[in-house]
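Note sheet for the following structure.
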Amino acid sequence: MRNPSRRQAGTLLERANPLSKLAAAAALTLAVLVSVDWVSSSLVLAGELLLLPLLRIPPLTLLKRIWPLIGAALIGAWGTALLAEKTGEVLLDAGPLLFTSDSVAAGIAIGLRGLAIALPGIYLLVSTDPTDLADALAQKLRLPHRFVLGALAAMRLVGLLVEEWQSLGMARHARGIGADAGPLARARSFLGQSVALLVQAVRRATRLAAAMEARGFGSGDRTWARTSVFTSLDFWVTLYGVVLAGAALTAAVLAGTFNFILT
């Protein structure tokens with residue numbers, strides 16, 4: 001007898017089917033990709049930030065998780081503003097540093113665009129159990145079992161790889177490997193630690209593949225311990241993403257900032 005998914009005990013976004021969250025994220029990503037402008041990107045980003053309380057994650061905790069993305073967005077915004085076509089009013093002219101109103105607007109659009117694209121993925125990872133995602137992909141989208149189960153195993157092992165990287169670093173440090181402060185020694189130590197992690201990952205993958213084959217994974221049709229279902233919540237999650245994407249593009253067109261990416 002099949003048991004329902006355990007998502008009912010989680011937060012609002014955790015209770016939603018992973019496929020509905022994927023659909024909403026795809027709609028928002030498409031809306032941000034088709035136009036390079038700050039209006040649509042700002043609206044999408046604001047709509048995404050409104051969902052933060054539903055994740056029950058403190059803003060500081062989220063900031064610690066996505067600070068590399070924020071740094072990349074700032075670098076992209078700076079580079080775009082510096083290298084974009086210099087049209088519009090001159091805001092700063094200091095030798096090689098020339099910023100105009102249009103170049104700064106393009107930089108802001110690129111920075112906001114990067115964050116608006118990254119946040120749905122962060123939300124999806126935080127609010128989705130890998131097993132629920134695998135159930136939805138196999139039961140609703142009818143994807144091959146080998147692909148789904150392999151992806152599930154890979155997602156489960158990501159955290160283990162991080163722990164192994166830390167353990168390898170402490171073990172090498174205890175043996176005095178890479179103790180030199182020079183950049184060349186650090187580079188050699190990083191390369192050696194990476195090779196050791198790769199060897200461990202290959203060995204673990206081989207053992208896992210043999211264990212899964214011994215248990216009959218991929219040998220035929222499978223039954224599922226938990227049933228992936230759609231509820232009214234999934235309708236509202238998908239609708240939120242589609243409406244927000246449409247509203248952002250409409251606002252960009254009305255504001256005259258819509259800039260189709262292929263033009």
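What follows draws every value from the coordinates through simple rules; no lab data is involved. No experiment lies behind these values; they were computed from the predicted model shown. Every residue, glycine among them, receives a Cβ derived from its backbone with ideal geometry; neighbour counts consider all protein chains shown.
Summarising the amide proton neighbourhood of L91: residues at separation of 5 or more, or on other chains, whose placed amide H is nearer than 5 Å comprise F99, T100, S101. At full extension, R226 and T11 could sit 75.5 nm farther apart than now, given 0.36 nm per residue minus the alpha carbon distance. Give the relative contact order (percent, whole number) for the chain; include only Cα pairs under 8 Å separated by 6+ residues. 37 percent. Here the calculated FRET efficiency for F235 and I70, from their Cβ-Cβ distance with R0 = 51 Å, stands at 0.95, rounded to the nearest 0.05.
Here the Gaussian network model covers the chain, with springs between Cα atoms less than 10 Å apart; of S232, S127, S41, S232 fluctuates the most.
One chain, two ends: L124 and L63. Fully extended at 0.36 nm per residue, the span grows by 20.4 nm beyond their Cα-Cα distance. Only lysines eight or more places from K21 in sequence, or on another chain, were considered; those with a Cα closer than 16 Å are K140. Put a plus charge on the Cβ of each Lys and Arg, a minus charge on the Cβ of each Asp and Glu, and nothing anywhere else: the dipole of the chain about its Cα centre is then about 1360 debye. Of the peptides 116-122, 252-258, 139-145, the order by per-residue mean of other Cβ atoms within 10 Å, starting with the highest, comes out as 116-122, 252-258, 139-145. Each of the peptides 13-21, 167-175 was scored by the mean count of other Cβ atoms within 10 Å over its residues; in descending order, highest first, they stand as 13-21, 167-175. Computed over the chain, the per-residue total of -39500 (n - 2.57) for DSSP H runs of n ≥ 4 gives a 222 nm mean residue ellipticity of -24000 deg cm²/dmol, rounded to 500. Within segment 36-115, the GluC sites (Glu not before Pro) that combine a DSSP coil assignment with at most 14 other C-beta atoms in a 10 angstrom radius are E85, E89.
Each peptide in 63-69, 150-156 was scored by the mean count of other Cβ atoms within 10 Å over its residues; highest first, the order is 150-156, 63-69.
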